[in-house]
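Structure incoming, see below.
The values are calculated or read from the model by the stated rules, or taken from the named source; none is laboratory data. The structure displayed is predicted, hence computed values, not measured ones. When we count neighbours, we look across all protein chains shown, and the Cβ atoms used for this are built from the backbone with ideal geometry, even at glycine.
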There are 2 protein chains.
Amino acid sequence: MLDKLDLTKKADEGSYEKTLESYKERLNILQRTLRDQQIPVIILIEGWNAAGITMTIHEIVQSLDPRGYALHSIEKPTYEERARPFLWRFWLRTPPRGRIALFARSWYSRAISEEMQKHTWEKSLKGRANQINNFERQLADDNTVILKFFLHITKEEQKQRLEERERNPLTAWLVTPSIWNIHRHYDDSLPIIDQFIQKTDTEYAPWTLVEATDRRYAILKVYSSIVKTLEKKLEAEKDGKAKKGKPKEIVKPKKNPVKRHSSPEKVFTKDELQQTLSSLQIEMLELHYLLFKRKIPLMIAYEGWDAAGKGGNITRVAKFMNPLGYYVVPVAAPTEHEKQYHYLRRFIKHFPTRGDIAIFDRSWYGRVLVERVEEYCSETDWQRAYGEINEMEEDFIYSSGGGIVKFWLEISKEEQLKRFQQRAGDPLKIYKITEEDWRNREKWDLYEAAVDEMLARTSTDFAPWTVIESNDKWFARVKALKTVIAAAQKLL
Amino acid sequence: MLDKLDLTKKADEGSYEKTLESYKERLNILQRTLRDQQIPVIILIEGWNAAGITMTIHEIVQSLDPRGYALHSIEKPTYEERARPFLWRFWLRTPPRGRIALFARSWYSRAISEEMQKHTWEKSLKGRANQINNFERQLADDNTVILKFFLHITKEEQKQRLEERERNPLTAWLVTPSIWNIHRHYDDSLPIIDQFIQKTDTEYAPWTLVEATDRRYAILKVYSSIVKTLEKKLEAEKDGKAKKGKPKEIVKPKKNPVKRHSSPEKVFTKDELQQTLSSLQIEMLELHYLLFKRKIPLMIAYEGWDAAGKGGNITRVAKFMNPLGYYVVPVAAPTEHEKQYHYLRRFIKHFPTRGDIAIFDRSWYGRVLVERVEEYCSETDWQRAYGEINEMEEDFIYSSGGGIVKFWLEISKEEQLKRFQQRAGDPLKIYKITEEDWRNREKWDLYEAAVDEMLARTSTDFAPWTVIESNDKWFARVKALKTVIAAAQKLL
């Protein structure tokens, strides 16, 4: 696609300043309107070294209120970032509602640089592009406007610019040997860049290719595209024509749906179970050492009825893990701050790094459970969530080499009542039971439908659900620990 | 101090389990009470390698609700952390109100490891200990309970334990050559550790030295100390006897207090000023390159009357900075989340890294301005803040080699009225003026007193205030830019 561009295009000298000034004014007003309408915007500028990324950014920020944008300059990932899935650090940098996130380089530069290392990039690039498309689609479905620019210059032009920088004592130190090395590989990277642009030029996040030989032409083209796209977006919002992301089934669920049982088929005595538990806990500790040594991360998500015993189960399972190698993420209703972002972001933030075990006490499945039943989000939103969650889980496993264990702690409705009454009658436990628990109980049937749909649609081969029969707490703890152990063994 | 310990102490075998169990129960209840009373707690465990830090932590977390604590395992700082002041990453890990932050190793291990590299540690250690004491005192003054433990074993005992670990295939890989190297330097590090403990054993953050030859003895001693200290704290809170941190003047302010003027002595034409500004902006860009190249960070804090022109001034000053090397931190009222921490934390979080310029649109001085006048904090709190702020600024400069520029934008009361009326009459600017601005204006005299005290008490040699006469906006921009340029030149 890049070879189709006419790199001789130039801005009209006479009207440049005036045109730029008018775009700046329009963008400044647009920023305020977008903020009022709570629309998040991503503007990413990619391009060759010395093509003018910094200068373009410089012109854009001139028209923005600093309180409403963040500028992210994307360089090599840090040690911490490298231990996370590829998109992890970009998820954390997505803009909150009503704000603009400007990217000077982005996931594309990182992806291109990775593919450059590979001889078989034509194969691997497809997977990466697909992953990026999922990311951008999820954000766009959440109403984010995504603008992508690539500033194109020829190899010869790049050479001249780098030499020019070398002659200027102020900028000479920026032209490192590695910059020249990348320049020498201009022709090798061209097809990779081209492929990426082709494969990620989507309806929800289209590319604008920018002829950047003439700096002014480039700046005006970027500005005009930003202003027009944002004006169109606001227009669509006003007409109520803005499309909400539609559900999309991507990963096929398992053929045999997971069945819920509240009691195990075989009955064990408490002594038997406690003994099994003790021996399993030692096995767990050993496996944890191995996961740690081989830097394999593991996520354990706990969901279940109120009073199903999640807390106690987590404590018992974690008891023989190394405390420096696991952490519990207690999930409550999202805070005001968290609500400003895509609902998955607050979970992705807590993804485990090398060899860590992250235990989620409730999880991202809240979207298709409580948020569905209590109508905290629209039907389209939670319908879309099944596919989004499957994508997220697959991406974590694929990117990190880790595993995901998902527990549904099932108790019968009678058992729940018994436990509620016990809690209410015990002064040491009364704090554990709230009005909300009783209200949730009244909606048992609605929750049941939500749970069954969740189990059916998100039990995948790579991240299956395990139902834990939890009427008997000791049995539940043994089964949970056994499941974690089996998952860890599979990963090693 | 460590040589005074009787390392042969042992726990009573018979009662161990029962005693431990009772401590666990007490700590579990204490955690809930502390949460209800919103008291933050720091528990840090230091000690020799293999002295049992992980095991002790393991026992402590067993009694804690995972929703109420965070465990921080402190290792070598990352690249990003190294570019920040020494205590930066620990500030970010301080616990919110009502929560417990557990540290497996801490700023002490990092400080000891740094001093170990130096031949002249006896001199530098003093400064570091002083810095740590300030940090801990500021947190304690903010009602944080700080518990510090050092697990002590002999060199011989350490050797045996490391050998034992080497024999176990599960743990052998943990005993790296670097661990043995540290072991060989046991005797060299002993006096450094001892000095640190002596110099940081304060009333507000005392050390508990733990004889750790017998693992059970160590665990019981740590547990009993935690439980007793926390029970005592709650008792003191109940009696209303908990001491609030008293103000403490640490850094002497300049002898000649900074005077406020709203108009410059000499009058320039707008043309003159614009011309000066243009030439200064090029100088600024060049200096910014040099700061960036030499990795020197700079902070610019803007304070001033409402409508004094902070926003426009910032935009003009930043106009010729490299957009990838500066950022604006807009400071609004603290969020609910931010209120859970020491008031300085949210500013420290945004401290600039290598070569960056951080521009604060309002700053940490809110504590002694709006929070004082509107009584959002107690008199003791804001009185204490002058010293705390001076300490924080000195620490930033000392640790990072960077600089701080502080602007007070002064306009006359009449000029403010004129600007308010202009804004109210302009449909494009009306959003800039709120009811709150008018209310603040009524308290002009109170604010004036607060400003004068701030200028007098926090204009230090290392971070002086500059009053910007802002009745004339163009003059104000020129003066601000000149001041930043002078500060940058001084740093280079």
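Mind listing whichever residues of the stretch A:148-161 are surrounded by fewer than 20 Cβ atoms within 10 Å (Cβ to Cβ) and in contact with a Ser or Thr (Cβ under 7 Å, 6 or more places away or on another chain)?
Across the stretch A:148-161, the qualifying residue is only A:157.
Of all the residues that make up the stretch A:29-62, how many are facing chain B (nearest Cβ under 10 Å), crowded, with 16+ Cβ neighbours inside 10 Å and under 22 Å from residue B:431 (Cβ atoms)?
The qualifying residues number 2.
If you go through the stretch B:185-223, how many residues are closer than 20 Å to residue B:2 by Cβ and either part of a helix (DSSP H, G or I) or within 14 Å of chain A (Cβ to nearest Cβ) (or both)? Before the answer, list the steps.
Start the filter on the stretch B:185-223 by keeping residues that are closer than 20 Å to residue B:2 by Cβ, which leaves B:185-202, B:205-215, B:217-222.
Going one step further and asking which of them are either part of a helix (DSSP H, G or I) or within 14 Å of chain A (Cβ to nearest Cβ) (or both), we end up with B:186-199, B:215, B:217-222.
Total meeting the criteria: 21.
Is it true that some residue in the stretch B:425-438 is under 23 Å from residue B:319 (Cβ atoms) and touching a Phe, Trp or Tyr at 6+ places or on another chain (Cβ under 6 Å)?
For the stretch B:425-438, residues under 23 Å from residue B:319 (Cβ atoms) and touching a Phe, Trp or Tyr at 6+ places or on another chain (Cβ under 6 Å): absent.
Each row is one residue, and each column tells you yes or no for (1) of a type in the set (Gly, Ala, Ser); (2) in the same structural domain as residue A:381 (by TED's automatic domain parsing); (3) within 30 Å of residue A:297 (Cα to Cα).
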residue	(1), (2), (3)
A:409	no, yes, yes
A:422	no, yes, no
A:447	no, yes, no
A:457	no, yes, yes
A:467	no, yes, yes
A:476	yes, yes, yes
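Against the definition (within 14 Å of chain A (Cβ to nearest Cβ), surrounded by fewer than 21 Cβ atoms within 10 Å (Cβ to Cβ) and under 30 Å from residue B:299 (Cα atoms)), how does residue B:76 come out, yes or no? Spell out the reasoning first.
Details: within 14 Å of chain A (Cβ to nearest Cβ): yes; surrounded by fewer than 21 Cβ atoms within 10 Å (Cβ to Cβ): yes; under 30 Å from residue B:299 (Cα atoms): yes.
So residue B:76 passes the test.
Output the residues belonging to the stretch B:3-28 that are closer than 19 Å to residue B:207 by Cα and surrounded by fewer than 14 Cβ atoms within 10 Å (Cβ to Cβ). Spell out how you get there, then give the answer.
The initial filter retains those residues of the stretch B:3-28 that are closer than 19 Å to residue B:207 by Cα, namely B:3-7, B:9.
B:3, B:4, B:6, listed by residue number.
Per-residue answers, yes or no, for (1) within 14 Å of another protein chain (Cβ to nearest Cβ); (2) charged (D, E, K, R); (3) in contact with a helix residue (DSSP H, G or I) (Cβ under 9 Å, 6 or more places away or on another chain):
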residue: A:271; (1), (2), (3): no, yes, no
residue: A:278; (1), (2), (3): no, no, no
residue: A:289; (1), (2), (3): yes, no, yes
residue: A:298; (1), (2), (3): no, no, yes
residue: A:322; (1), (2), (3): yes, no, yes
residue: A:327; (1), (2), (3): yes, no, yes
residue: A:331; (1), (2), (3): yes, no, yes
residue: A:335; (1), (2), (3): yes, no, yes
residue: A:362; (1), (2), (3): yes, yes, yes
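Could you tell me whether any residue of the stretch B:232-247 is without any contact (Cβ under 8 Å) to a residue 60 or more places away in the chain and on the phi > 0 side of the Ramachandran plot?
yes
Same structure, new question: Does the stretch A:307-319 contain at least one residue that is within 11 Å of another protein chain (Cβ to nearest Cβ), surrounded by 23 or more Cβ atoms within 10 Å (Cβ to Cβ) and under 26 Å from residue A:83 (Cβ atoms)?
yes
Could you check how many residues of the stretch B:307-332 are of a type outside the set (Val, Ile, Thr) and part of a helix (DSSP H, G or I)? Don't jump to the end; show me each part of the working.
Filtering the stretch B:307-332 for residues of a type outside the set (Val, Ile, Thr) gives B:307-313, B:316, B:318-327, B:330, B:332.
Going one step further and asking which of them are part of a helix (DSSP H, G or I), we end up with B:310-313, B:316, B:318, B:323-325.
Of the residues in that region, 9 qualify.
List the pairs whose first member sits in the stretch A:55-74 and is more than 21 Å from residue A:35 (Cβ to Cβ) and in the same structural domain as residue A:44 (by TED's automatic domain parsing), whose second member is polar (S, T, N, Q) and buried (at least 19 other Cβ atoms within 10 Å of the Cβ), and whose Cβ atoms are under 7 Å apart, counting only residues at least 6 apart or on separate chains?
Going by the 7 Å Cβ cut-off, the qualifying pairs are A:74/A:106; A:74/A:109.
Any chance you could count how many residues in the stretch B:328-345 are crowded, with 17+ Cβ neighbours inside 10 Å and either within 26 Å of residue B:488 (Cβ to Cβ) or not assigned by TED's automatic domain parsing to the domain that holds residue B:286 (or both)?
Qualifying residue count, the stretch B:328-345: 4.
Being under 33 Å from the mean Cα position of the chain (by Cα), part of a helix (DSSP H, G or I), within 21 Å of residue B:57 (Cβ to Cβ) and not assigned by TED's automatic domain parsing to the domain that holds residue B:396 narrows it down to one of B:146, B:182, so name that one.
None of the others qualify; the one that does is B:182.
Under 8 Å by Cβ, and 6 or more places apart or on different chains, what pairs join a residue from the stretch A:415-435 that is within 14 Å of chain B (Cβ to nearest Cβ) with one that is part of a helix (DSSP H, G or I) and not aliphatic (A, V, I, L, M)?
A:429/A:422; A:429/A:423; A:430/A:423; A:431/B:32; A:432/A:423
Taking the condition within 27 Å of residue A:78 (Cβ to Cβ) and in contact (Cβ under 8 Å) with a residue 60 or more places away in the chain, does residue B:87 pass?
Working: within 27 Å of residue A:78 (Cβ to Cβ): yes; in contact (Cβ under 8 Å) with a residue 60 or more places away in the chain: yes.
Taking the combined requirement at face value, the residue satisfies it.
So, one more: Return the residue satisfying two criteria in turn: it lies in the stretch B:357-376 and is more than 19 Å from the chain's Cα centre (by Cα) and part of a loop (DSSP other than H, G, I, E, B), and of such residues it is surrounded by the fewest Cβ atoms within 10 Å (Cβ to Cβ).
Top of the filtered list is B:375.
So is residue B:158 assigned to a helix (DSSP H, G or I) and closer than 24 Å to residue B:398 by Cα or not?
Considered against the rule, which asks whether it is assigned to a helix (DSSP H, G or I) and closer than 24 Å to residue B:398 by Cα, residue B:158 comes out as no.
Considering B:174, B:151, which residue is within 14 Å of another protein chain (Cβ to nearest Cβ) and among the aliphatic types (A, V, I, L, M)?
B:174
Residue by residue through the stretch A:226-265, note down the ones that are surrounded by fewer than 12 Cβ atoms within 10 Å (Cβ to Cβ) and at pLDDT 90 or above.
Matches in the stretch A:226-265: A:232, A:235.
Right, next: Within the stretch B:28-40, identify whether any single residue is under 18 Å from the mean Cα position of the chain (by Cα) and modelled with pLDDT under 95, and answer yes or no.
Quick first cut of the stretch B:28-40, residues under 18 Å from the mean Cα position of the chain (by Cα) only: B:40.
Now narrow it down to the ones that are modelled with pLDDT under 95: none.
Looking through the stretch B:28-40, none of the residues is under 18 Å from the mean Cα position of the chain (by Cα) and modelled with pLDDT under 95.
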